[in-house]
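The values are calculated or read from the model by the stated rules, or taken from the named source; none is laboratory data. Keep in mind that what you see is a predicted model, and the values were worked out from it rather than measured. Every residue, glycine as well, gets a Cβ built from its backbone with ideal geometry; the counts of neighbours run over all protein chains shown. To get the accessible areas, we keep the full protein, side chains included, count just its heavy atoms, and leave off ligands, DNA and RNA. Shrake-Rupley method; radii C 1.70, N 1.55, O 1.52, S 1.80 Å.
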Amino acid sequence: QLVTQNYVFVLLITLILAIVVYFAAPILSTTILKSPQLNEEIQLSVAVLFFGVIFPLNEAVFRGFEWFKALGVLQAIGSVSFLIFVPLLSINYGVYGAIIGYLIFTVFMTFITTFYLYIKLKKENVKLFVFDSTIFHFSQLSKMSVPVLLAAIIEAPFFWYSQVLLVTFAGMVENGKIGALMQIRSLILIIPGYISLVTLPLLSNSLSKNDDNNQYKSYLKRSIQLNFTIALICIIPMLLFSNDIMRLFGKDFQVDFWTSFFAYISIPFFVIASVVDQSLIAKGKAWTNFYISIFWNCIFIALIYVNLSYYKLGGLGYMFSMCIAILVLTGLKYYLNSKTNE
């Protein structure tokens, strides 16, 4: 029943947000972005938002029931389909193509995860969606679902404003280069990102079964080491062959070494933050997680403003700001998680 209430709650909130953004698109494009031509892209992104929430929700159910083998199959399918749809359409059709590609990816993964979830529930004889008058336990929602959802949502406006600052102080060309780098970052984060999400049920179970927290600490340590190592291995070829990789986007997408360096070197630390994120949630510190999200994003925006408006560093300033903010994020989460162990 807890899974049902979380699923329905997140779905309803996402639907409401999608409707609001869709009808607010003309205002956002003309008054805030000052680019009326982006109205269609913003409205299209609403579909991406909706489907982009459903398939991770389905994956969360697999993690909740600890169906990790099935989850691994889904994540492999997701990684391959992302590589096929998003970069391909982005290269051929630019920003609009990237949105279309991501939409196709999210719709495809929503269909695959929903179908696979139906098969698993039927095979395991599990009734997931059972509705009654007690479906919403608001105390549980306020402790877990609400802060987790808010932490996920709060990232979007901060990232959007960071793009506004980049366009304002560095121009659309620089924004295009950073957009290409961010796509590569997303690809690198797929494998360690998925592995870090698997740690939540493991950590939760170990906390509930062991008073001395030994198994919990062991899971957390090994998960951090594994994810950091995988991420480190993934970024090495990116650092060595950054120019060759960027040529895949076209001759106009070349960036200097230091811009690539700061873009990629922060990835292993971001992965650590993601693992510790699961630890804080498992300990019931979801609101702490939310406050940290606000704090590090504020630092990110402040650094971007300084580096772009005062020092005129362009894309280098953007990626340097993100790297510093991620280091702050990782250090803060690790410190607060360690404090809760004492």
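The table that follows gives values for the structure above.
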| quantity | calculated |
| --- | --- |
| Residue in the stretch 254-267 that is closer than 19 Å to I154 by Cβ and open to solvent by 10 Å² or more (accessible area, probe 1.4 Å) present | no |
| Single match in K312, K339 (criterion: on the phi > 0 side of the Ramachandran plot and either more than 18 Å from the chain's Cα centre (by Cα) or of a type in the set (G, A, S) (or both)) | K312 |
| Positions within the stretch 219-228 being touching a residue at least 12 places away in the same chain (Cβ under 8 Å) and open to solvent by 40 Å² or more (accessible area, probe 1.4 Å), in sequence order | Y219, L226, F228 |
| Neighbours by Cβ (under 9 Å, 6+ apart or cross-chain): first from the stretch 54-78, open to solvent by 10 Å² or more (accessible area, probe 1.4 Å); second at pLDDT below 75 and of a type in the set (S, T, Y) | L57/Y7; A60/Y7; G72/Y194; Q75/Y194 |
| Pair list, Cβ under 6 Å, 6 or more apart: the stretch 107-135 residue of a type in the set (F, W, Y) and assigned to a loop (DSSP other than H, G, I, E, B), other residue modelled with pLDDT under 85 and surrounded by 16 or more Cβ atoms within 10 Å (Cβ to Cβ) | F129/T4 |
| Members of the stretch 322-342 that are assigned to a helix (DSSP H, G or I) and without any contact (Cβ under 8 Å) to a residue 40 or more places away in the chain | I324, A325, V328, G331, Y335, S338, K339 |
| Scope the stretch 27-50; condition at pLDDT 75 or above and open to solvent by 60 Å² or more (accessible area, probe 1.4 Å); matching residues | I27, T30 |
| Residue list for the stretch 53-70, filter: modelled with pLDDT under 75 and assigned to a helix (DSSP H, G or I) | A60, R63, G64, F68, K69 |
| In the stretch 151-170, the residues that are of a type outside the set (V, I, T) and either open to solvent by 20 Å² or more (accessible area, probe 1.4 Å) or closer than 22 Å to F82 by Cα (or both) | A152, E155, A156, P157, F158, F159, W160, Y161, Q163, F169, A170 |
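Residues checked against (1) open to solvent by less than 70 Å² (accessible area, probe 1.4 Å); (2) modelled with pLDDT of 90 or more:
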site	(1), (2)
K209	no, no
D212	no, no
I230	yes, no
A286	yes, no
F290	yes, no
S309	yes, yes
